[in-house]
Amino acid sequence: MTQRVPVLMYHSVSERPPRGTTRLSVHPDQFDAHLRLLRRRGYRTATFGELGEALRTGARLPERSVVLTFDDGYADFHDHALPSLEARGFLATVFVTTGWLADAGPRAAGEPLDRMLTWSQLGRVAGAGMEIGAHGHSHAQLDQVSPPALREELQLSKGLLESELHSPVRSLAYPFGYSSPRVRREAGAAGYRYAAAVGNTMIGEQPDLLALPRMTIRRSTSLDVFDRLVRGERIGRTFAVDRALTWGWSLVRRGRAPLTRIRERSGRR
Ligand SMILES: [Zn+2]
């Protein structure tokens, strides 16, 4: 039977996030409270890759395992999240958009929404035992780009991370959480073994390793709701809101509104 392991999706951990990105950012005190609660409840952390490997091989993670993931590669992961995680011996997976890194240089691509990690900070994050996964090169909507652009997004981000950090990259998170059968096929062909989507549900029976659902943690997520999410309780209102966001998102996407508006309206990044 598939283990019920909650996979949580964070973005930035910041006191004062920039306008338009507030909803998906959590306050450092809020993040600390999450970790304290997990510790109190006896949870241990697994990286996303460890969970994927356990699912792939049929192994079981220890009871009360939780996976913490962080999308985009904000500098505040290094400043706020990493010290809190390290203080408790917790691990996490950081999904990095390589073209957004602060010192991406000539390879810079896309428009980062906030202060991003540098390569040397990312090296320290990896050195602390955190898993580094890919999150595209320019944060493009992978199900909307041409086949060559899709391959470039998947291969370039993986290749850059592997050559800079000297470690294989097997995990991917789809930017905006969206994929399609074509995107998942190409992700597998590019060498990713596990990929994270946004599902706001626990992982079910016989999961698709290239579309593992994660639960969104927001600034508005109360500690009580956080507790219940981790325990796998269905939270009516949260799920209703997420369904509404997803619905709004697909409408906006069809209209091809400017990306900034999409981000603000959908609350996704
Ligand atoms: Zn993202």
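The values are calculated or read from the model by the stated rules, or taken from the named source; none is laboratory data. No experiment lies behind these values; they were computed from the predicted model shown. No Cβ is skipped: glycine too gets one built from the backbone with ideal geometry, and neighbour counts run over all protein chains shown. Ligands, DNA and RNA are excluded from the accessible area calculation, which covers all protein heavy atoms including side chains. Shrake-Rupley method; radii C 1.70, N 1.55, O 1.52, S 1.80 Å.
If you take the Cα centroid of region 71-136 and the Cα centroid of region 1-20, the two points sit 14 Å apart. Among beta bridges identified by DSSP and lying wholly in the chain, the antiparallel ones come to about 5 percent. Legend: residues ASP208, ASP76, sorted from most to least accessible area (1.4 Å probe; ligands, DNA and RNA excluded), read ASP208, ASP76. Annotation note: GluC sites (Glu not before Pro) in region 33-118 located in DSSP loop regions with a Cβ neighbour count of at most 15 within 10 Å are GLU63. Evaluating 6.51 cos²θ - 1.76 cosθ + 1.60 at θ = phi - 60° for every residue in region 23-32, the Karplus couplings come out as 4, 9, 9, 10, 6, x, 5, 5, 5, 4 Hz, glycine and proline recorded as x.
With K and R counted +1 and D and E -1, the other residues having a Cβ less than 13 Å from that of ALA190 yield a net charge of +3. For VAL198, the residues whose modelled amide H falls within less than 5 Å of its own, excluding neighbours fewer than 5 places apart on the same chain, are ARG214.
Relative to its residue count, region 97-199 spans a Cα convex hull of 104 Å³ per residue. Surface composition of the chain: carbon plus sulfur atoms hold 49% of the accessible area, using a 1.4 angstrom probe and ignoring ligands, DNA and RNA. Using every pair of distinct Cα positions in the chain, the Kirkwood expression returns a hydrodynamic radius of 18.4 angstrom.
Between ARG4 and ARG107, full extension at 0.36 nm per residue minus the direct alpha carbon distance yields a gain of 33.2 nm. Here the simple spin-label model places points 7 Å from the Cα toward Cβ, and for GLN206 and ALA189 these points are separated by 2.5 nm.
The packing ranking of peptides 177-186, 216-225, highest mean first, is 177-186, 216-225, where packing means the average number of other beta carbon atoms within 10 angstrom of each residue.
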